[in-house]
Amino acid sequence: MTAETAVLRDDLVSEMNDLGRAARAAAAELAMAGPEQRNDALQAAAEALRDQSDKIIAANAVDMSAAEAKGLSAAMLDRLLLDSDRVEAMALGLEAIADFPDPLGRVLEERSRPNGLQIAKIAVPLGVIGIIYESRPNVTADAGGLCLKSGNAAILRGGSESANSSGAILECLQAGLRKAGLPEAALQRLPTTDRAAVGIMLTMSEDIDLIVPRGGRGLIERVQQESRIPVMAHLDGLCHTYIHGDADKEMATEIAVNAKMRRTGICGATETLLVDRSAVESHLPDVLKALVSAGCEIRGDETVQAMEIGTSVKEAVAQDWDTEYLDSIISVKVVDGLDDAVSHINQHGSHHTEAIVTEDQTAAQAFLNRVDAAIVMHNASTQYADGGEFGMGAEIGISTGKLHARGPVGADQLTSYKYLVRGRGQVRP
């Protein structure tokens with residue numbers, strides 16, 4: 001490291017520490033604010049998003065142009081794109097969050113002890129949350145809104161490809177904070193897109209209480225390896241749909257196409273289709289033809305490659321079963337019954353979202369019980385893996401871990417708790 005580089009890093013460390021201290025102070029103020037004030041900030045931020053829609057879309061156009069020049073895939077460009085409908089969706093999301101019951105102060109447990117002590121377990125904010133995410137600028141609104149609702153300050157680090165879009169959205173969130181009389185430092189972003197800032201952020205254990213990474217496996221692994229702060233991981237979405245032998249063919253076809261092709265670039269998109277051997281002749285040709293008709297490339301095992309569907313099927317190699325395509329590609333495998341399907345999913349899945357299509361309720365229940373994932377579905381598209389669809393208004397992401405929160409992470413999941421103990425002069429013997 002040269003002397004000049006060392007000075008630059010020292011300057012960045014100083015700037016990051018200032019940002020962290022400001023967030024910690026803002027978190028203390030947010031924790032004392034009432035629900036009305038926090039909701040006012042959310043409503044004002046939604047209004048600002050609508051007022052600044054043209055500015056946000058113009059900023060997004062700059063990001064889109066740079067992303068196209070870099071050669072990002074169509075699915076990644078779709079994740080990045082903002083238009084008037086998507087800006088309106090962000091505003092509606094903030095309003096939905098504001099309308100939700102206050103997650104703070106909830107009595108989670110309450111008990112009376114024989115000695116007369118009254119003990120209550122109460123929901124409280126986590127404090128300061130560092131959120132690292134890729135591509136999708138709408139996460140700025142969702143994450144900022146959920147943190148504000150739950151009384152947490154947030155330090156945001158979006159992907160460099162969405163820097164202009166996320167910056168314009170953050171300005172609207174901060175405008176909402178100011179209008180409600182809350183500190184602007186409650187929602188901040190890293191001062192640079194330099195990866196070094198992320199490394200510094202992961203060491204700021206005095207000022208940040210939780211790190212939430214949302215993105216690909218490379219990002220998650222880096223954060224888990226380097227962070228000195230607890231991590232709530234949101235791993236990639238290597239999701240499966242399993243067509244059981246007793247599946248309704250029309251339903252299976254419709255679900256498979258929607259689960260893969262509705263939006264290929266989201267984490268809830270199905271990446272691998274498993275088909276029971278007993279359903280190969282009756283179901284598989286129609287399912288594959290429908291996928292191909294929708295513009296999907298098929299990669300299959302030997303049985304799938306031999307199917308007559310009017311186009312060639314590429315060979316699925318070992319890597320395909322472990323690949324999150326985020327594109328119009330699906331790997332298809334024939335399995336020998338429920339046990340084989342569950343084994344494949346538990347070995348190759350990312351513990352995100354898995355689905356079975358069947359009319360056999362016993363098989364469905366066995367699948368729901370045995371698959372190790374945050375979300376397990378029966379007769380529904382994996383694209384429903386979304387906090388908004390779960391009635392949470394929005395989400396920071398889908399937690400694939402097993403501690404603290406699992407599945408869609410909304411405002412309720414961004415709280416901790418403390419015990420309040422009330423006595424009448426008791427002393428312990």
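Of everything in region 312-365, what is part of a loop (DSSP other than H, G, I, E, B), of a type in the set (Asp, Glu) and over 16 Å from SER278 (Cα atoms)? Give them in sequence order.
GLU324, ASP327
Do you know which residues across region 366-419 are within 16 Å of the chain's Cα centre (by Cα), in a helix (DSSP H, G or I) and aliphatic (A, V, I, L, M)? Of everything in region 366-419, just one residue is within 16 Å of the chain's Cα centre (by Cα), in a helix (DSSP H, G or I) and aliphatic (A, V, I, L, M), namely LEU414. Sub-7 Å Cβ pairs linking a first residue in region 388-413 that is surrounded by fewer than 17 Cβ atoms within 10 Å (Cβ to Cβ) to a second residue that is not basic (Lys, Arg), at least 6 apart or interchain, are PHE390/PRO408; GLY401/MET232; GLY401/ALA233; HIS404/MET232, ordered by first then second residue. Any chance region 288-297 includes a residue that's within 29 Å of the chain's Cα centre (by Cα), over 21 Å from GLU250 (Cα atoms) and either outside the structural domain of ASP78 (by TED's automatic domain parsing) or not in a strand (DSSP E or B) (or both)? Taking every residue of region 288-297 in turn, none turns out to be within 29 Å of the chain's Cα centre (by Cα), over 21 Å from GLU250 (Cα atoms) and either outside the structural domain of ASP78 (by TED's automatic domain parsing) or not in a strand (DSSP E or B) (or both). Among the residues of region 343-387, those that are touching a helix residue (DSSP H, G or I) at 6+ places or on another chain (Cβ under 7 Å) and among the polar types (S, T, N, Q) comprise THR353, THR358, ASN379, SER381, THR382, GLN383.
Search region 140-166 for residues being over 15 Å from ALA185 (Cα atoms) and in a loop (DSSP other than H, G, I, E, B), and hand back the single one that is farthest from the chain's Cα centre (by Cα). Here the answer is SER150.
Residues checked against (1) assigned to a helix (DSSP H, G or I); (2) among the charged types (D, E, K, R):
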| position | (1), (2) |
| --- | --- |
| ASP78 | yes, yes |
| GLU88 | yes, yes |
| GLY93 | yes, no |
| PRO101 | no, no |
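Residue under question is ILE220, and the condition is that it be closer than 28 Å to ALA153 by Cβ, without any contact (Cβ under 8 Å) to a residue 60 or more places away in the chain and of a type outside the set (S, T, N, Q); does it hold? Taking the combined requirement at face value, the residue satisfies it. Taken over region 103-139, residues that are closer than 17 Å to ALA233 by Cα and either assigned to a strand (DSSP E or B) or touching a strand residue (DSSP E or B) at 6+ places or on another chain (Cβ under 6 Å) (or both) amount to 8. Picking from residues in region 100-142 that are small (Gly, Ala, Ser) and in contact (Cβ under 8 Å) with a residue 60 or more places away in the chain, the one that is surrounded by the fewest Cβ atoms within 10 Å (Cβ to Cβ) is GLY116.
Among residues of region 202-224 being in contact with a strand residue (DSSP E or B) (Cβ under 6 Å, 6 or more places away or on another chain) and part of a helix (DSSP H, G or I), the one that is surrounded by the fewest Cβ atoms within 10 Å (Cβ to Cβ) is GLN224. Restricted to region 294-312, and to residues there that are of a type in the set (Val, Ile, Thr) and at pLDDT below 95, the residue that is surrounded by the most Cβ atoms within 10 Å (Cβ to Cβ) is ILE309. Quick one: would you say ALA411 is assigned by TED's automatic domain parsing to the domain that holds GLY268 and of a type in the set (A, V, I, L, M)? No: the conditions fail for ALA411. For region 67-90, residues that are surrounded by fewer than 15 Cβ atoms within 10 Å (Cβ to Cβ) and either in contact (Cβ under 8 Å) with a residue 60 or more places away in the chain or at positive phi (or both) total 3.
State yes or no: is VAL427 touching a helix residue (DSSP H, G or I) at 6+ places or on another chain (Cβ under 6 Å), aliphatic (A, V, I, L, M) and surrounded by fewer than 22 Cβ atoms within 10 Å (Cβ to Cβ)? Please lay out each step first, then the result.
On the way: touching a helix residue (DSSP H, G or I) at 6+ places or on another chain (Cβ under 6 Å): no; aliphatic (A, V, I, L, M): yes; surrounded by fewer than 22 Cβ atoms within 10 Å (Cβ to Cβ): yes.
No, not satisfied.
Does LEU326 fit the bill of being surrounded by 14 or more Cβ atoms within 10 Å (Cβ to Cβ), of a type in the set (A, V, I, L, M, F, W, C) and in the same structural domain as LEU94 (by TED's automatic domain parsing)? Answer is no for this residue.
Output yes when any residue across region 180-192 is crowded, with 20+ Cβ neighbours inside 10 Å, among the β-branched types (Val, Ile, Thr) and either outside the structural domain of ASP322 (by TED's automatic domain parsing) or over 23 Å from the mean Cα position of the chain (by Cα) (or both), and no when none is. No, every residue in region 180-192 fails to be crowded, with 20+ Cβ neighbours inside 10 Å, among the β-branched types (Val, Ile, Thr) and either outside the structural domain of ASP322 (by TED's automatic domain parsing) or over 23 Å from the mean Cα position of the chain (by Cα) (or both). Looking at this structure, is MET16 in contact (Cβ under 8 Å) with a residue 12 or more places away in the chain, closer than 30 Å to SER416 by Cα and not acidic (Asp, Glu)? Taking the combined requirement at face value, the residue satisfies it.
The values are calculated or read from the model by the stated rules, or taken from the named source; none is laboratory data. Being a predicted model, the structure only gives us computed values, none of them experimental. We place every Cβ from the backbone using ideal geometry, glycine too, and count neighbours over all the protein chains shown.
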